[in-house]
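Notes follow once the structure below has been shown.
All of the numbers you see were taken from the coordinates with simple rules; none came from a lab. Just so it is clear, the structure is predicted and the values come from calculations on it, not from any experiment. Cβ placement follows ideal geometry from the backbone for every residue including glycine, while neighbour counts extend to all protein chains displayed.
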Amino acid sequence: MTYRPRSDNRTPRGFKAAFRNLPIVLRQFVKKYLASWIFPAVFVIDGFIISLARIFPLRTQARSVVFVRTDNLGDFVLWLPAAKAIRAKWPWPGCRYILIANHNWSRFAEELGLFDSVIPLNRVRFQRNPFYRIAMIFRLARIKAELLVTPIQSRDPTTADTIARAINSERKIASAGDSNNAYVNPSIPSHWYNELIPSSSNSTHESVRNKEFTESLTDIKVGDPWPQFVIPSPKQLPDAIKDQDYAVIAPGASSPQRLWPSEYFSRLANKLSSEMFLGTVLIGTASERLETAAVAHGCSGPLVDLTARLSINDLLAILGHAKLVVTNETGTAHLAAALRVPTLCIMGGGHFGRFLPYPKEARDSGIKVVALHHPMLCFNCNWKCVYPIGYTDPAPCVSSVSVDAAWSAIKRLATHRPQSNEDRQKTPFD
């Protein structure tokens, strides 16, 4: 049967949604038609700025090791066990560990205390704003290091590899990885490294790939490659949900292709309210307001909307004390996994097996993530969907996951004992 995208699966709808998604359309156009000549020109300009900046190097007595991680929060969370092993077992005398981090989670990285310095970088501005790009390259090119490591499996030449090129390091090492994020000839940025460490196939889970890369780099053993966080104190919870039973719903994602329809989330939230007596807590970033608003519009049960109101530490507290987390394939799933919270993740097949589902070894360590998907022959397409869908449509492997299938998975996963009506009246979810 030929798949035809349904118009009612578009999330969100209307003129405002189309206007908001215009940058996505333009970005896809640039990648498809203009990347072959824009990026080489940018690299020439980058080279001039780097040469100019190195005339004014930073003065420091400490030896430095620089790690480059400009990818998403979920990627950083999966890398944390390897980062902790490096910090604990690979101390160079008097060495400073510097992390070039995505600004979305750089504050979280600072609070972990694993790095002596964290330099935040706004990846979107770095790619699109020439003035910001020039300023950051000039700043980074003044750093002198003994070793630079880029442990990202799918490196992006416009960000991670450009940063590696800019920093003046005696030795530069990266994962050979793959060219999933390369829109120019991947051999060009690879020449900027002294060594590329081979990695496993894409079917290997990212945590295992991080473990293998770190062991090849440092000759130290990474024990448990699965991230785990301590659940924060309930004192960090907002007053509206303290002492309440609730489920967290995160309906946003980094790409429209990964968005399960909003009405499906609403129907699921209503079932959680009526059958499990769980209130709904909506979370998301500022760019995901339309998704969370669409879910809230369809909810009939008790609901608290915390969109764009949470730091990562607040988010960890809310996730850690939830009875259930329901999310698209995004970093929230990996945060919940690290907290060992029962989690339902609606996922597609773009990178099937690489990030989700978690393998048996992870489940044996206590991770409670059910990765619900609709099997299709086109899995592992790198989110280059072979079906004729629009820029703002979810991929068919995502939209074909039914609410009934999600509810069945929740009933198998949930450890929550529903309250009686009497108890429910005593503890209203405001």
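Taking every C-alpha pair closer than 8 Å and separated by at least 6 residues, the mean separation divided by the residue count of the range 58-218 gives a relative contact order of 23 percent.
Quick one: net charge around A337, please, counting Lys, Arg +1 and Asp, Glu -1 for every other residue with C-beta under 11 Å from its C-beta.
On the way: positive: R340, R363, K368; negative: none.
Summing Lys and Arg as +1 and Asp and Glu as -1 gives +3.
Here r is the Cβ-Cβ distance between W192 and S311 and R0 is 45 Å; the resulting FRET efficiency, rounded to 0.05, is 0.80. Of interest is the spacing of the C-alpha centroids, which for the range 237-315 and the range 318-346 amounts to 12 Å.
Among E275, E212, E110, which one shows the highest mean-square fluctuation when the chain is modelled as a Gaussian network with alpha-carbon springs under 10 Å? Result: E275 has the largest fluctuation of those listed.
Contact order, relative form, for the chain: 16 percent (alpha carbon pairs under 8 Å, 6 or more residues apart, mean separation divided by residue count). Taking amide H atoms as placed 1.01 Å from N in the peptide plane, the amide H of V325 lies under 5 Å from those of V248, T343, L344, each 5 or more residues away in sequence or on another chain.
Residues considered: H103, H297, H205. Largest GNM mean-square fluctuation over the chain, using C-alpha springs under 10 Å, is found at H297. Summarising the amide proton neighbourhood of S169: residues at separation of 5 or more, or on other chains, whose placed amide H is nearer than 5 Å comprise A145.
Using DSSP to call loops (not H, G, I, E or B), can you name the trypsin sites (Lys or Arg not before Pro) in the range 33-138 whose Cβ has at most 13 other Cβ atoms within 10 angstrom?
Working: sites: R54, R59, R63, R69, K84, R87, K89, R96, R107, R123, R125, R128, R133; in loops: R54, R59.
For trypsin sites (Lys or Arg not before Pro) across the range 33-138 that sit outside H, G, I, E and B with at most 13 neighbouring Cβ atoms in 10 Å, the list reads R59.
The label point for K384 and the one for K221, both projected 7 Å from the Cα toward the Cβ, are 4.1 nm apart. If each DSSP helix of 4+ residues adds -39,500 (n - 2.57) and the sum is divided by the residues in the chain, what number results at 222 nm, nearest 500 deg cm²/dmol? After summing the helix terms and dividing by the residues of the chain, the value is -11000 deg cm²/dmol.
Taking amide H positions as modeled 1.01 Å from N, with prolines and chain starts lacking one, the residues under 5 Å from V304 and 5 or more places away or on another chain are T280, V281, L282. With axes computed from alpha carbons, what is the tilt in degrees of helix 130-141 against the longest principal axis of the chain, rounded to the nearest 10 within 0 to 90? For helix 130-141, the angle is close to 60 degrees.
Working value for the range 132-262: equivalent-ellipsoid semi-axes of 34, 20, 19 Å, each the square root of 5 times a Cα gyration tensor eigenvalue, largest first. The C-alpha radius of gyration of the chain, expressed as a fraction of 2.2 N^0.38 Å, stands at 1.01.
Remark: C-alpha extents of the range 259-319 on the principal axes read 31, 22, 16 Å, sorted largest to smallest. Taking θ as phi - 60° and the Karplus parameters 6.51, -1.76 and 1.60, the scalar couplings of the range 82-91 work out to 5, 5, 5, 5, 4, 5, 7, 10, 10, x Hz in sequence order, x denoting glycine and proline. The angle between the Cα long axis of helix 206-218 and the longest principal axis of the Cα atoms of the chain comes to about 30 degrees, rounded to the nearest 10. Measuring between alpha carbons in the structure, the pairs from K271/K360; K84/K211; K144/K172; K84/K323 lying more than 19 angstrom apart are K271/K360; K84/K323.
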